[in-house]
Amino acid sequence: MARAVFNENQRVGSLDFSVRLMEHLVVPTFVLDAECRVIIWNRACERLTGIPAAELIGTREHWRAFYGEPRPCLADLIAQGRTEEIDKLYTDWDHAGRDAVPAHGRRAENWCVMPQMGTRLYLAIDAGPIYDESGQLVAVVETLRDITAQKVAQDELKRLATRDGLTGVANRRCFDETLASEWLRCTRDVKPLSLILLDVDHFKRYNDTFGHLGGDACLKTIASALAISCHRSADLIARYGGEEFAAVLPGTTVAGALTLAERIRADIAALEMPHPGNDGVGRVSISLGVATVVPDRTLQLDCLIDAADRALYAAKRAGRNRALHAEQIDVRPCRLEIPAG
């Protein structure tokens, strides 16, 4: 009996030490019981979130530390057996290395609004369950790491890798990747995909007149105007090469693409940038080629680019400073969308 009492006292003492140890850990940590009530909210977690433990111990309101409205934390999803929802709630994470996490724990990353602190942090989150001797869940431990600086730097590097160094719009690599991705998506959704290729008229003459620095300034101005003209979040403006730009327009019909192309042409003309070498116009103008296709698995992506390219050169041959659609010049290297009516 004395041995049993000693072991029980030892167990209680060990538990008390474990709790005090967790409370003083430098890593922000909180613990939920099986009913998702907070049983530990350590001092590092108080400093990270700005919410004292006294406000949360015994409650299920730990979400208030991280979000502006109720939503489960990673520990809640594990405690409630809702792990299939993790991928939906933590969509910003690319899931790299998830398989390396122990089978019963989960790892995620997420932007948190941190309402009490009045800031926004990107947190790396680890959560794992604790079971008793009979296999019953008794608690879930969640630890947090602030990796905002790393995330911001990573996103900036990714942005720089996809941006054109001169104009700031998407570069050719980003164009190729986005067009391929939208082609697959529109194939799956059976939706039209439009492409505009545009070129600055007589740009070599512009460089000859104003020099390469003047030419660079012209391209920057045009890129800024394009970004304003194509304001849908789904659209992509890219520098295709030299003085040529491209617009990828998912879900846009023939009529919509032609309307946008004409608006772009008019917006550039309205800038009234002098261009003495642009015969008959006297200012900077652009020519545009437009193509639209409803992709399917029998078609190749190159057919859309080829059709837009042919339409662009047809616009140049027709006198420049205009937009033409591939249908208007009977370019049909693949099954293009036919305008209604």
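The values are calculated or read from the model by the stated rules, or taken from the named source; none is laboratory data. Since the model is a prediction, treat every value here as computed from it, not as a measurement. Backbone-built Cβ (ideal geometry, glycine too); neighbour counts: all protein chains shown.
Here are a few things to note about the model shown:
- Criterion: touching a Pro at 6+ places or on another chain (Cβ under 7 Å), more than 21 Å from residue 183 (Cα to Cα) and modelled with pLDDT of 95 or more - qualifying residue of 209, 221: 209
- Pair list, Cβ under 9 Å, 6 or more apart: the range 224-247 residue free of Cβ contacts under 8 Å to residues at least 24 places away in the same chain, other residue surrounded by 15 or more Cβ atoms within 10 Å (Cβ to Cβ) and assigned to a helix (DSSP H, G or I): 234/182; 235/260
- Boolean, residue 107 is outside any loop (DSSP other than H, G, I, E, B), among the basic types (Lys, Arg) and assigned by TED's automatic domain parsing to the domain that holds residue 32: yes
- Test: residue in the range 200-214 that is crowded, with 17+ Cβ neighbours inside 10 Å, under 22 Å from residue 271 (Cα atoms) and among the β-branched types (Val, Ile, Thr): yes
- The residues in the range 283-320 that are of a type in the set (Gly, Ala, Ser), on the phi > 0 side of the Ramachandran plot and surrounded by 13 or more Cβ atoms within 10 Å (Cβ to Cβ) can be counted, and the count is 0.
- Qualifying positions in the range 47-56 - within 15 Å of residue 24 (Cβ to Cβ) and surrounded by 20 or more Cβ atoms within 10 Å (Cβ to Cβ): 48
Yes/no per residue for (1) assigned by TED's automatic domain parsing to the domain that holds residue 48; (2) touching a Leu at 6+ places or on another chain (Cβ under 9 Å):
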{"residue": "142", "(1), (2)": "yes, yes"}
{"residue": "167", "(1), (2)": "no, yes"}
{"residue": "172", "(1), (2)": "no, no"}
{"residue": "178", "(1), (2)": "no, yes"}
{"residue": "182", "(1), (2)": "no, yes"}
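- Criterion: of a type in the set (S, T, N, Q), at pLDDT 90 or above, surrounded by 11 or more Cβ atoms within 10 Å (Cβ to Cβ) and touching a Pro at 6+ places or on another chain (Cβ under 7 Å) - qualifying residue of 162, 119, 148, 187: 187
- For the range 40-59, the candidate set comprises residues that are in a strand (DSSP E or B) and touching a helix residue (DSSP H, G or I) at 6+ places or on another chain (Cβ under 9 Å); within that set, the residue that is nearest to residue 117 (Cα to Cα) is 41.
- For the range 224-253, residues that are of a type in the set (A, V, I, L, M) and crowded, with 19+ Cβ neighbours inside 10 Å total 8.
- Hits in the range 118-141 - residues which are outside any loop (DSSP other than H, G, I, E, B) and either more than 15 Å from residue 28 (Cα to Cα) or in contact with a Gly (Cβ under 8 Å, 6 or more places away or on another chain) (or both): 126, 127, 128, 129, 130, 131, 137, 138, 139, 140, 141
- Long-range neighbours under 9 Å by Cβ, at least six apart or interchain, first residue surrounded by fewer than 22 Cβ atoms within 10 Å (Cβ to Cβ) within the range 57-78, second assigned to a helix (DSSP H, G or I) and basic (Lys, Arg): 70/64
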